[in-house]
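Data first, discussion second: the structure below is written as structure tokens.
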Amino acid sequence: MKVITSRIPEKYIKDLEKIQEEEKVDRAEAVRRLLTKAISEWKKERALELLKDHKITIRKAASMADVAYVEMLELAKKLDIGYDLEELERDLERF
């Protein structure tokens, strides 16, 4: 593991302490968990954005977001980013 150092606003320190207390973990573990979750969410959001703009396929979006193909289909469906047959054929030709 690599070590990173970051300054954060004082208001987040209290939130972090609450998380530490509730999760019964030390500060480093709390920050690791939060960062892991934030990065995972960012990857999904970015992949869905590119998918919506038809810049990548569902399979590529799933790979970018580190999720299964079926999970990416479900995420896209929730955001009403559906693929009809015409869009699927176009993506297959492009990629």
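Numbers at a glance
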read-out: Near pairs, Cβ below 6 angstrom, 6+ apart or cross-chain, from region 28-39 (free of Cβ contacts under 8 Å to residues at least 24 places away in the same chain and assigned to a helix (DSSP H, G or I)) to any residue that is surrounded by 11 or more Cβ atoms within 10 Å (Cβ to Cβ) and among the β-branched types (Val, Ile, Thr); value: Ala30/Ile19
read-out: Subset tally (residues that are among the β-branched types (Val, Ile, Thr) and part of a helix (DSSP H, G or I)) for region 40-56; value: 0
read-out: Residue count, region 3-44 (criterion: loosely packed, with under 13 Cβ neighbours inside 10 Å, closer than 24 Å to Glu74 by Cβ and not polar (S, T, N, Q)); value: 5
read-out: Residue within region 71-81 that is of a type outside the set (A, V, I, L, M) and at pLDDT 90 or above present; value: yes
read-out: Leading residue by the ranking (nearest to Arg46 (Cα to Cα)) among those in region 57-83 that are part of a helix (DSSP H, G or I) and hydroxyl-bearing (Ser, Thr, Tyr); value: Ser63
read-out: Every residue from region 3-46 that is basic (Lys, Arg) and either over 21 Å from the mean Cα position of the chain (by Cα) or more than 30 Å from Ala61 (Cα to Cα) (or both); value: Arg7, Lys11, Lys14, Lys18, Lys24, Arg27
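A quick yes/no check of all residues on (1) hydrophobic (A, V, I, L, M, F, W, C); (2) at pLDDT 95 or above:
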site	(1), (2)
Lys2	no, no
Glu21	no, yes
Asp26	no, yes
Val31	yes, yes
Ala38	yes, yes
Glu41	no, yes
Leu48	yes, yes
Lys52	no, no
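The values are calculated or read from the model by the stated rules, or taken from the named source; none is laboratory data. Fair warning: this is a prediction, and the values are worked out from it, not measured in the lab. So basically every Cβ, Gly included, is an ideal-geometry build from the backbone, and we count neighbours across all protein chains shown.
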